[in-house]
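Encoded as structure tokens, the structure appears first; notes follow it.
The values are calculated or read from the model by the stated rules, or taken from the named source; none is laboratory data. Computed from a prediction, not measured in an experiment: that's the story for all the values here. Reconstructed Cβ throughout: ideal geometry from the backbone, glycine too, with neighbour counts over all protein chains shown. We work out accessible area using only protein heavy atoms, side chains counted, and drop any ligands, DNA or RNA first. Shrake-Rupley method; radii C 1.70, N 1.55, O 1.52, S 1.80 Å.
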Amino acid sequence: MVKIAPSVLSANFANLQKDIDSIKDYVEYIHYDVMDGHFVPNISFGYSILNDLSQICDNYLDVHLMISDPLKYAQNFIDAGTNLITFHYEAMQNVDDIQYLITYLHEHHVDAGISIKPDTPVDVLLPFLDEIDLVLVMSVEPGFGGQSFMPLALDKIQQLKDLRHDRNYLIEVDGGINEETGKLCIDAGADVLVAGSYIFKADDRKQAIEALR
């Protein structure tokens, strides 16, 4: 069954524990978007809030680094309790740096994911598919919540499914996910759906989550 990852970016930070308590028993992952105002034109939150979050839930913490220098801050997020760090292919300087970061995360007992923006082809990930734990396909331009789903993501999900063979990575999709677009992603081969406003703005959050499966 598909895993659901509510995005904390859409939660109410004046009542964060209440919002997390309202969904944590119904989902596998909690998705945590980190933005630096440089790699993407927005700023969100850092590792101190993640540390607080790790104290109030036992869910798998799925950290998405939309930042320019992921290696510089990786250890801070590891120390804060993350289970997965997903960094952007576009934020890295070269193949060697990507390989180094994947190895670094695994050596520190954290899963490694790579994300690609809507305009980045799947083929750039071919050298890493044997080693990574997750590929995050962005179905919106990263940086802001509440954007509309971009259908070109479906072809990428299908490509990644076709390339998987006996590899072990999960396929995650993030951006504009709702009951309709989520089903399209599942049909294409997605394993994890990130949903923010669709879940946290729902009158019945449990029902919204179950509608995505």
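Could you say whether any residue in the range 36-48 is assigned to a helix (DSSP H, G or I), polar (S, T, N, Q), at pLDDT below 95 and under 29 Å from Glu210 (Cβ atoms)? No, the conditions are met nowhere in the range 36-48. Within the range 58-65, the presence of a residue that is hydroxyl-bearing (Ser, Thr, Tyr) and either farther than 27 Å from Ile199 by Cα or assigned to a loop (DSSP other than H, G, I, E, B) (or both) is excluded.
Each residue in the range 126-143 was checked for being more than 27 Å from Val8 (Cα to Cα) and aliphatic (A, V, I, L, M), and 2 pass.
The residue of the range 105-160 that is surrounded by the fewest Cβ atoms within 10 Å (Cβ to Cβ), among those that are more than 14 Å from the chain's Cα centre (by Cα) and on the phi > 0 side of the Ramachandran plot, is His109.
Here Glu131 meets each of (1) in a helix (DSSP H, G or I); (2) touching a helix residue (DSSP H, G or I) at 6+ places or on another chain (Cβ under 6 Å); (3) of a type in the set (Asp, Glu) with one exception, condition (1).
Pairing residues of the range 1-28 that are more than 24 Å from Gly143 (Cα to Cα) with residues that are part of a helix (DSSP H, G or I) and at pLDDT 95 or above, at Cβ distances under 7 Å and at least 6 apart in sequence or on separate chains, gives Val2/Ile186; Ser22/Arg205; Tyr26/Lys206; Tyr26/Ile209. Just a yes or no: is a residue in the range 70-92 of a type in the set (A, V, I, L, M, F, W, C), open to solvent by 60 Å² or more (accessible area, probe 1.4 Å) and either in contact with a Cys (Cβ under 9 Å, 6 or more places away or on another chain) or in a helix (DSSP H, G or I) (or both)? For the range 70-92, residues of a type in the set (A, V, I, L, M, F, W, C), open to solvent by 60 Å² or more (accessible area, probe 1.4 Å) and either in contact with a Cys (Cβ under 9 Å, 6 or more places away or on another chain) or in a helix (DSSP H, G or I) (or both): present. Checked against (1) in contact with a Lys or Arg (Cβ under 6 Å, 6 or more places away or on another chain); (2) closer than 23 Å to Glu28 by Cα, Leu184 passes all but a single condition, namely (1). Taken over the range 190-213, residues that are modelled with pLDDT of 95 or more, touching a Leu at 6+ places or on another chain (Cβ under 7 Å) and not aliphatic (A, V, I, L, M) amount to 1. Based on what the data block shows, is Asn42 among the polar types (S, T, N, Q), open to solvent by 20 Å² or more (accessible area, probe 1.4 Å) and under 16 Å from the mean Cα position of the chain (by Cα)? For Asn42, the condition - among the polar types (S, T, N, Q), open to solvent by 20 Å² or more (accessible area, probe 1.4 Å) and under 16 Å from the mean Cα position of the chain (by Cα) - is not met. Restricting the range 3-28 to residues that are touching a Lys or Arg at 6+ places or on another chain (Cβ under 6 Å) and of a type outside the set (Asp, Glu), the residue that is least open to solvent (accessible area, probe 1.4 Å) is Ile23.
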